[in-house]
Each structure stands twice: as C-alpha cells, then as structure tokens.
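Enquirer: I'd like to ask some things about the structure below.
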Amino acid sequence: MPAPSRIVSLNLGSQSLGLATFHSQPHGGLILTGYRQGEILTDPAAEGDRPTQITESVRGMMSDLGIKGGAVAYAVAGQSVFARFVKLPSVDEEKIDRIITFEAQQNVPFALEGVVWDYQFVGSDAEKQIEVVLVAIKSELLEAMNGAVEAAGLETTLVDVATMALYNAFRFNYSELTGCSLLVDIGARTTNLLFVEPGNVFSRSVPIGGSSITSAIAKEFQEPYAAAEKRKTRDGFVSLGGTYADASDPDVARVSKLIRHTMTRLHAELARSISFFRSQQQGGQPQRIFLCGGSATTPYMREFFHEKLQLPIEFFNPLRNVALAGNIALEDVAHSAHSLGELVGLALRSTLTCPMELNLRPPNVVRRQRLAQRRPFLLLAAACFLLGLCGWGFYFMRSARIEAAASDQLQMEVDRMHGMENQLAKVRQEIVALDAVATPLLTAINARGGWLLILDDLNARLPTENIWITELAPTSGGQVLGETGPGASAPPTPQGRGPAAAASSRPAIDGVFVRGLYLSNPKQQEIVVDYFRNLLDSPIFEVDANDQSQVIKPSTPTNSEWAYPYELRLKLREPLYLP
C-alpha cells in the first residue's frame with residue numbers, strides 16, 4: 001500500500017503540544033516539511049477545560065502550517081496510559097490471545113469493558129518466555145482527547161503511546177548502537193524512562209517532571225501556578241552545588257536549588273529503575289543516556305546527570321536520519337529537535353513496519369475505519385445491485401414480449417381445439433346412445449354361460465355320496481323369483497350412470513336357492529355342513545364362514561326315515577341380470 005503524500009502527526013503532551021508534517025521518501029525515509037509547538041499552561045488541578053485548550057492550540061498550529069484538515073496520527077502522554085511488561089509461557093498461537101486477555105484482566109487496574117487496550121510482543125528470554133507489553137487507557141479519557149483533536153478538523157487514524165512512538169524513533173535513528181541505551185524523557189508531569197538494547201525494551205514512568213518543579217516554586221514563592229511557570233522558564237537552571245557559587249540574585253538561587261532538589265529525587269528514581277531493569281528484566285547496565293522532553297533543555301541538566309551517573313550524556317536527535325525540507329531553518333530545529341521524537345515515531349508508522357505498533361483507537365474511530373474499508377465493496381455491491389435490477393428489468397420485458405407472442409399463438413390453438421371439442425361432444429352423445437342399445441345385448445351374451453358356471457361349481461363342491469340336489473331356483477334380494485307372499489319384496493336394481501344404467505329397468509339375480517336331500521348316514525346333518533365348508537372357497541358364491549345359520553337350513557334326523565331335506569341360500573359374487 002503506498003504511503004500517503006503528506007503525513008500529519010500530533011503529540012498531546014501534558015503541557016506541550018507538537019504538530020508536524022512529513023513527506024515520505026522512497027524506501028521508507030521521511031522529509032520534515034513543517035512543525036509547530038504549543039503549550040497549555042493549565043494548572044494540573046484544573047482539567048475541565050483541557051479538551052477546549054487542546055482544540056484551540058491544535059487549530060492555531062494547523063493554521064500556521066496551512067493544514068486544512070485530513071488524517072492524523074497522535075500520541076497520548078505516558079501518564080494517561082497504564083503500561084505493564086508481562087512475561088508469558090511459550091504456547092501455541094491459538095492460545096496466545098486468550099492468555100493475553102487473561103493477563104490483561106489481572107494486570108489492568110480497571111474493568112476491560114471501560115478501557116481501550118492493546119498489546120505488543122517485545123521479545124523472549126533464555127527460558128523461552130514471551131515478553132508482552134500491555135497498554136490500556138480509560139475509554140472516557142481517550143474519547144475526550146479524541147473529540148478535542150477531531151473538533152480541530154482532523155480525522156484520527158492511529159493513536160499511539162508517546163513512549164512507544166519515542167522508541168520507534170530511537171530505533172530508526174540509532175539502529176547501529178549496541179549495548180543498553182537509556183532515554184530519559186523529562187515531560188511536564190512525568191519522566192518516562194526507556195531502556196533499549198538489542199532484543200529487549202523496557203519502560204517505566206516516574207511521577208516527577210517539569211510540573212513538579214513548577215509546583216515547588218509556586219509553594220516556595222507563594223504565587224499562582226502560571227506565575228511559577230514563567231519564573232521557572234525565565235530564571236530556572238539546575239544548581240551545580242558543591243563548590244560552585246550560587247547565583248547573585250537570591251530568587252534565582254532559590255529556584256535553581258529547588259530544581260536541583262527535584263532532579264535529585266528524579267536521579268534516585270532513575271537509579272532504582274536501573275537496578276530493577278537489571279535484576280528483574282535481565283537487562284544490561286546502561287552505557288549511554290539520551291535526554292529528551294520539554295524540560296531536558298533546562299540549563300545544566302546535562303551536567304547534572306553526568307555528575308550523578310558518570311555516563312555519556314547527550315540529547316536525543318530524532319531527526320538524525322530524517323531529511324529537512326528547504327523551508328525548515330536548521331537553527332530552529334537544533335533548539336527543538338529533542339522534543340520531536342514522538343512526532344517522528346508517529347510518522348514512521350505510515351511508512352515502515354515499526355518494532356512497536358500499538359494502536360489505541362477509540363471505538364467510534366474503529367467503526368469509522370472499518371466502514372471506510374468496506375465502502376468500496378458497498379459501492380461495488382450497490383452497482384451490482386443496480387445492474388442486477390436493470391438486467392432483471394430487461395429480462396422481464398423480453399419475457400413479456402415472448403409470452404405475449406406465445407399467448408397469441410396458443411389462443412389460436414385453443415380456438416381450434418374448441419371446434420374439435422364440440423365435435424367430440426357430439427360423438428360422445430352418439431356413444432352413449434349406442435351403449436344404451438348394446439348393453440342389454442352384451443349382458444345377455446355374458447350371462448348365457450353364467451348358469452353353467454353356477455351348476456358346475458355347485459356340483460364340483462357337492463360331497464361324493466349321501467347327498468344330492470333336488471331343486472335349484474334364482475333369488476333376488478333374498479326372495480325366490482316367482483314367489484309371492486307377505487314377505488316378498490321387489491328385487492333391487494343397480495344404480496348408476498352410463499352403460500350400467502341400461503340394466504336399471506331389469507331385475508338382478510343376486511343369489512341361488514338350493515334344496516335337496518341327504519341320506520341317513522353316520523355323519524347325519526354334518527354332511528350338509530361339509531357342503532357349506534366346501535363352498536367357502538368358491539369363486540362364484542360369497543359365503544361367510546361366521547354366518548352359517550343364515551346359509552343352511554337343515555332338518556333334524558329322526559332315525560326313522562331314510563332321507564332328510566336341507567336348504568341353502570347362497571349369495572352370488574357377481575349378480576346376473578335378466579334379459
């Protein structure tokens with residue numbers, strides 16, 4: 001991804017603000033094209049109007065640099081951020097996020113739901129432990145600062161921590177150094193200590209800075225904070241102590257001694273931090289010290305630390321490998337280069353892959369950037385949707401024309417079929433009339449062999465001896481045809497339509513009445529029951545094995561006669577119609 005043509009970086013210090021513009025060079029270099037610095041001289045006890053002062057100061061610097069708006073990467077002061085270096089066991093990649101989240105819950109002194117946090121791997125030790133730096137800032141504080149920045153007309157793309165931006169600038173400009181280097185960033189409210197050595201980094205924030213000196217002066221001289229700040233700027237220097245003579249002005253001498261006293265406290269914290277770094281972080285003894293920050297240029301500050309630490313002391317130059325545009329005066333840069341480290345480190349995030357790439361973007365910025373990333377896809381989806389609508393519209397118009405033509409052709413076929421349907425209706429009427437005439441004849445033809453089948457079936461199932469049939473008569477509705485009497489009823493006729501209706505005026509034979517005799521024999525009337533059982537399998541007669549009493553009407557033998565009568569009423573499976 002190509003770097004932007006103009007890079008804007010902003011450093012939000014406690015009392016000092018810095019705004020710079022850069023242009024990228026091939027192979028990741030930077031060109032400083034302009035910078036401005038501003039101050040917020042608000043008493044630390046009064047923070048309510050700080051966002052408004054940030055907005056006004058940033059607007060003023062933007063006006064001086066001719067910046068109308070655009071993207072910006074800014075760094076927040078170290079005292080606003082909770083930072084902790086944590087060592088973790090070496091585990092699989094899929095478990096890293098869960099372990100780091102757990103460590104964040106244990107180490108961050110706030111609920112994770114109320115902070116914005118991030119982490120960065122910084123190395124590993126001989127015991128194969130992974131070292132991670134966790135940083136977190138309260139969401140409320142971050143949103144207030146971000147609102148102040150965006151109210152000035154800038155659009156946030158990246159939020160870094162000042163200490164980590166300083167680390168990136170140091171690695172970019174002093175990559176050739178070996179051994180341990182210590183950066184002492186003396187800010188307004190805190191002093192950030194940054195230990196840097198190959199494969200290892202550690203930072204610590206000490207709550208002593210320029211405002212500590214100002215507060216001591218205000219207390220000593222019983223004057224407001226703003227007046228004490230002016231006195232420090234006008235008269236302040238670090239008293240050399242020892243055999244050196246004090247300043248001739250007693251007030252100036254008092255200020256210099258107050259500054260030395262505060263710096264002595266800072267030196268004690270610095271010594272404790274070096275001891276902690278060497279014992280707990282397995283770091284090396286610092287071989288050199290770089291001073292930076294707004295209070296680093298206090299007169300005799302360099303001599304003071306050289307006297308106390310007996311190490312090479314120099315001012316950090318973040319523009320060592322940064323080119324200067326033609327409009328930048330070298331003399332101006334020489335006086336303020338030590339305070340541009342965070343601005344250079346922020347600009348490097350847009351051109352290079354930096355060793356420390358934390359990002360504490362507020363949730364609304366994250367949502368906005370994600371939406372911006374999706375915007376091309378949303379536009380493409382909208383274009384595809386519109387093209388799809390046009391395509392479907394053309395398709396439906398074309399389909400409508402084709403369907404109209406097909407409908408006209410089908411209507412012609414339908415009209416032709418209606419004529420044929422009328423002809424077929426006439427043919428159906430003729431068929432019905434012919435069926436009415438032919439059905440009686442067909443019935444008579446089909447029924448002429450019916451009685452032969454009935455007689456054959458009755459004879460085939462008749463026991464071979466001691467029983468015979470003497471009378472056979474057709475029945476209809478249970479009544480023998482030709483009988484008359486009180487119980488006689490008209491035979492039922494089939495109901496229906498079509499050809500079957502032709503027989504509706506003729507009686508139907510639905511059963512057979514059988515009368516006969518059986519000889520006196522050892523089985524007596526059981527021989528009639530045998531005949532009944534043989535008829536159960538008949539394809540001609542419908543006989544129910546559970547309804548024997550309705551079929552057989554036997555007589556009771558008296559053993560005084562040689563033959564006895566019996567009667568059977570059998571139901572036909574298929575009725576026969578009389579002609």
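Computed from the coordinates by the stated procedures, all read-outs in this text should not be read as laboratory data. Since this is a predicted model, take the numbers as computed values, not measurements. Virtual Cβ from ideal backbone geometry, glycine too; neighbours counted across all protein chains shown.
Enquirer: Quick one: Cα centre-to-centre distance for region 221-242 and region 429-482, in angstrom?
Expert: Here the two parts' Cα centres lie 140 Å apart.
Enquirer: Sticking with this structure for a sec: To the nearest 0.05, how large is the calculated FRET efficiency for Phe276 and Arg374 if R₀ is 60 Å and r is the Cβ-Cβ distance?
Expert: The value I calculate is 0.85.
Enquirer: Using 1/(1 + (r/R0)^6) with R0 = 35 angstrom and r between the beta carbons of Arg367 and Phe121, what's the FRET efficiency to the nearest 0.05?
Expert: My answer for the efficiency is 0.85.
Enquirer: What does the charge count near Ser175 come to, summing +1 for each Lys or Arg and -1 for each Asp or Glu among other residues with Cβ under 15 Å from its Cβ?
Expert: Neighbourhood net charge equals +1.
Enquirer: Next question, about the same structure. Roughly what would the spin-label model give for Ser560 and Ile96, points 7 Å off Cα along C-beta, in nm?
Expert: With each label point 7 Å from Cα toward Cβ, the separation is 12.3 nm.
Enquirer: Would you tally the net charge around Ser336, using a Cβ to Cβ cut-off of less than 13 Å, leaving Ser336 out, and scoring K and R as +1, D and E as -1?
Expert: It works out to a net charge of -3.
Enquirer: Here's something else I'd like to know. Could the peptides 174-183, 406-415, 311-320, 189-198 be put in order, highest first, of the mean number of other beta-carbon atoms found within 10 Å of their residues?
Expert: Those peptides, ordered most packed to least, come out 189-198, 311-320, 174-183, 406-415.
Enquirer: For Asn521 paired with His261, estimate the spin-label separation in nm (one decimal), with each label point 7 Å from Cα along the Cα-to-Cβ line.
Expert: Each label point lies 7 Å from its Cα, and together they span 14.8 nm.
Enquirer: Using a Förster distance of 41 angstrom, determine the FRET efficiency expected from the C-beta separation of Arg573 and Gln423, and round it to 0.05.
Expert: 0.50
Enquirer: When only C-alpha pairs under 8 Å and at least 6 residues apart count, what is the relative contact order of the chain, in percent?
Expert: 12 percent
Enquirer: Let me ask something additional. Quickly work out the Ala406-to-Phe110 label distance, labels modelled 7 Å from Cα along the C-beta direction, and quote it in nm with one decimal.
Expert: 6.8 nm
Enquirer: Calculate how steeply helix 93-107 sits against the longest principal axis of the alpha-carbon atoms of the chain, using the helix alpha-carbon long axis, and give the answer as 0 to 90 degrees to the nearest 10.
Expert: Relative to the chain, helix 93-107 is tipped by roughly 60 degrees.
Enquirer: Using the alpha-carbon atoms, what tilt in degrees (0 to 90, nearest 10) does helix 139-151 show relative to the longest principal axis of the chain?
Expert: Tilt of helix 139-151: around 70 degrees.
Enquirer: Here is a further query. What is the distance in Å between the Cα centroid of region 318-389 and that of region 67-94?
Expert: 15 Å
Enquirer: Under 5 Å between amide hydrogens, which residues at least 5 positions from Glu155 or on another chain qualify, with H placed 1.01 Å from N in the peptide plane?
Expert: Distant-sequence amide H within range of Glu155: Gly70, Ala71, Val72.
Enquirer: Another question about this same structure. Would you please put 519-528, 56-65, 374-383 in order of how densely packed they are, using the mean number of other Cβ atoms within 10 angstrom per residue and starting with the highest?
Expert: With the highest mean Cβ count within 10 Å placed first, the list reads 56-65, 519-528, 374-383.
Enquirer: Also, I was wondering about something else. Looking at the chain, send over the antiparallel percent of its DSSP beta bridges, to the nearest 5.
Expert: Around 75 percent of the beta bridges assigned by DSSP in the chain are antiparallel ones.
Enquirer: Oh, and also: How would you rank 5-13, 21-29, highest first, on the average number of other Cβ atoms within 10 Å across their residues?
Expert: By packing density, highest mean first, the sequence is 5-13, 21-29.
Enquirer: Another question, if that's okay. Mind listing the phi-derived Karplus ³J(HN,Hα) values for region 344-360, rounded to whole Hz, using 6.51, -1.76 and 1.60 with θ = phi - 60°, and x for any glycine or proline?
Expert: In residue order, the calculated couplings are 5, x, 5, 5, 5, 4, 8, 10, 10, 8, 8, x, 10, 10, 7, 8, 10 Hz.
Enquirer: Report the full-extension gain for the segment Gln222 to Arg234: residue separation times 0.36 nm, less the Cα-Cα distance, to one decimal in nm.
Expert: Here the segment from Gln222 to Arg234 would lengthen by 2.6 nm.
Enquirer: Please list the non-local residues whose amide H lies under 5 Å from the amide H of Leu30, H modeled 1.01 Å from N, same-chain partners needing a gap of 5 or more.
Expert: Gln25, Ala323
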